[in-house]
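One structure below.
The values are calculated or read from the model by the stated rules, or taken from the named source; none is laboratory data. Keep in mind the model is a prediction, meaning the values are calculated, not measured. Heavy atoms of the whole protein, side chains included, go into the accessibility calculation; ligands, DNA and RNA do not. Shrake-Rupley method; radii C 1.70, N 1.55, O 1.52, S 1.80 Å.
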Amino acid sequence: MNESILENEKTWDAVADQFVEASALPVWGPFGVGDDLNLIPEIEGKTFLEIGCGSGRSIKYLADRGAKKIYGLDISSVQLKEAEGFNKEIIDQGKVELIKGKMEDKLEIEPVDVIFSVYAIGWTPDPVMTLKNMYSYLKPGGTFVWSWDHTLFTDVQYEDEKFVVTYAYHDEKPLAIKNWKKEGVTAHITYRKTSTWFQLLKDAGFDVVGYHEPKPKNLSRGFDDPKKYYSIQKAEKVPATFIFVCKKNI
Ligand SMILES: C[S@@+](CC[C@H](N)C(=O)[O-])C[C@H]1O[C@@H](n2cnc3c(N)ncnc32)[C@H](O)[C@@H]1O
């Protein structure tokens, strides 16, 4: 398992430049979804942890709206360098702390009001440990909101001018995808069923208080090609993104 995380770290360093401003607040996915759902209703004076903060755009969004403190965790030093440059002023003011590390390892941080993540939690090969960590970082009554590729979206591809199911929804074995986004890099990933995520969240102690499968909104980013992974035509048929809203109710 550690080897797959280590290889993913190298992969994210190699492809980081393709993900600058990729999916950041106020939207929760590649088709501009979620900004109308008001998933983080209170920002001012609150403390946050972002998992897989990438290029740090969501951090700036929260700081501009009065967040008291934001921790940003990411495995990739290249992503963090971009986040650091982008947020230099608020880092110097002590409002933001960037942490290089794995979501599977326990952090030493003050408990936060909100943990959020846009398209990163699903990278974990160890969701039990990752979600246990998330639960431990939250204050009682705190919120954990996160989005990820909907598995149905991943399972469906465009072939012979039709969308067809090319991967079994029930198949949850770990995959090593060669040449992911770039020649010579490998991505280790597991496609998990939505019901699996519900169970994992429940087992970690969370109450799931919201679950969203939004329709695509943003049609502008070159997705108008059914052969592309993020194709608007596919996203209109099956949800591209799911978003979980969870509470630590103790
Ligand atoms: C799709 S990007 C998220 C982009 C981010 N929302 C943004 O606005 O830039 C996924 C991020 O998760 C990070 N990541 C992947 N596996 C990780 C792990 N095991 N622990 C921590 N971060 C991880 C990657 O380095 C990458 O920056």
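So the values come out like this:
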quantity: Glu89, Glu9, ranked by accessible area, largest first (probe 1.4 Å); calculated: Glu89, Glu9
quantity: Nearest 10 degrees, 0 to 90: helix 127-137 Cα axis against the chain principal axis; calculated: 20
quantity: Within the chain, helix-based [θ] at 222 nm, where runs of 4 or more DSSP H residues each add -39,500 (n - 2.57), nearest 500; calculated: -7500 deg cm²/dmol
quantity: Length-normalised contact order for segment 142-250 - Cα pairs under 8 Å, 6+ apart - percent; calculated: 37
quantity: Residues whose placed amide H lies under 5 Å from that of Phe223, excluding near-sequence neighbours; calculated: none
quantity: Over segment 1-121 - Rg/Rh using Cα atoms and the Kirkwood inverse-distance radius; calculated: 0.95
quantity: Cα long-axis angle, helix 194-203 against the chain (0 to 90 degrees, to the nearest 10); calculated: 30
quantity: Reciprocal mean inverse distance between Cα atoms of the chain - Kirkwood radius, Å; calculated: 18.5
quantity: Solvent-accessible area per residue, Å², over segment 39-92 with all protein chains present [probe radius 1.4 Å]; calculated: 43
quantity: Among the listed pairs Lys69/Lys106; Lys88/Lys217; Lys181/Lys215; Lys202/Lys227, those beyond 30 Å (Cα-Cα); calculated: Lys88/Lys217; Lys202/Lys227
quantity: Antiparallel bridges, percent of DSSP beta bridges restricted to segment 50-188 (to nearest 5); calculated: 35
quantity: Amide H contacts under 5 Å for Cys53, placed H, 5+ residues apart; calculated: Leu73, Asp74
quantity: Listed residue pairs exceeding 23 Å between alpha carbons, taken from Lys81/Lys247; Lys162/Lys228; Lys100/Lys132; calculated: Lys81/Lys247
